[in-house]
Amino acid sequence: TLRGARTTAPRHAPFHPISDMHQLPSVLVVSFSLLSPAPRAPWRRTPPAAAAVMAEPERLVDDGGVLKRQLCAAPTGGRTPEFGAVVKILYTCGFENGTLIDAKHRAEPFQFQLNAGIVVDGLERGVESMVEGERAQFTCSPEWAYGAVEAGDLLPAESTLVYEVELLEWRGGAAGGPS
């Protein structure tokens, strides 16, 4: 061996992918990000580029208490559910700061009948505005969510809730509903 040459490999601290990312050459960073895409929820089937189809939220009620932001464009030619239809959705529910309070039905479909008082009014109005295959986010003011009701530390009274919903299918219902 050469005089002064090392006979063992230098010891380095273990590489931490997040905090040590700035130490990698930019070409390697790009390759790293292409090889390991961020994990995604199984029900989110649309690419991130389609994440903000509708720039401004649509008001679903006159008082502005239910706002709809389309996340995945509705298929063309689709119809909205009829009055009393049975709908099947995937959804999450959380607060405006992003904290989820209900993610049970993110992967397990939830089925209910519209106009039967099963879900909060804001979610019902939102689902009524969707077509099969559409994904949307609904922001419901307290009047259109649970109002003054609280559930311990989980749901404070007068909470604004944000639902992210995908309408999987609907069936039945009475065309037109009550006048």
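The values are calculated or read from the model by the stated rules, or taken from the named source; none is laboratory data. What you are looking at is a predicted structure, and each value in this text was computed from that prediction instead of being measured. All Cβ positions, glycine included, derive from the backbone under ideal geometry; neighbour counts span all protein chains shown. Side chains included, ligands, DNA and RNA excluded: accessible areas come from the protein's heavy atoms. Shrake-Rupley method; radii C 1.70, N 1.55, O 1.52, S 1.80 Å.
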Q) Pairs under 9 Å by beta carbon, first residue over 24 Å from Q113 (Cα atoms) in the stretch 152-179, partner modelled with pLDDT under 90, six or more apart or different chains? A) P156/E150; A157/E150; E158/E150; S159/E150
Q) Of all the residues that make up the stretch 153-179, how many are in a strand (DSSP E or B) and at pLDDT 90 or above? A) 12
**Q.** Sole exception among (1) surrounded by fewer than 16 Cβ atoms within 10 Å (Cβ to Cβ); (2) under 18 Å from R69 (Cβ atoms); (3) without any contact (Cβ under 8 Å) to a residue 40 or more places away in the chain for A103, by number
**A.** (2)
Q. Can you pull out the residues in the stretch 126-179 that are under 24 Å from F83 (Cα atoms), small (G, A, S) and surrounded by 17 or more Cβ atoms within 10 Å (Cβ to Cβ)?
A. G126, S129, A136, S141, A145, G173
(Q) Here's a check for you: in the stretch 116-125, which residue that is touching a residue at least 12 places away in the same chain (Cβ under 8 Å) and open to solvent by 50 Å² or more (accessible area, probe 1.4 Å) is farthest from T92 (Cα to Cα)? (A) A116
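Tell me the residue from A74, A41, A51, A85 that is open to solvent by less than 60 Å² (accessible area, probe 1.4 Å), at negative phi and at pLDDT 95 or above, please.
Checking each option against the conditions leaves just A85.
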Q) If a residue has to be of a type in the set (S, T, N, Q), part of a loop (DSSP other than H, G, I, E, B) and within 18 Å of R171 (Cβ to Cβ) to count, how many in the stretch 66-124 make the cut? A) 2
(Q) Of everything in the stretch 126-136, what is in a loop (DSSP other than H, G, I, E, B) and either in contact (Cβ under 8 Å) with a residue 60 or more places away in the chain or not acidic (D, E) (or both)? Give them in sequence order. (A) S129, M130, V131, G133, E134
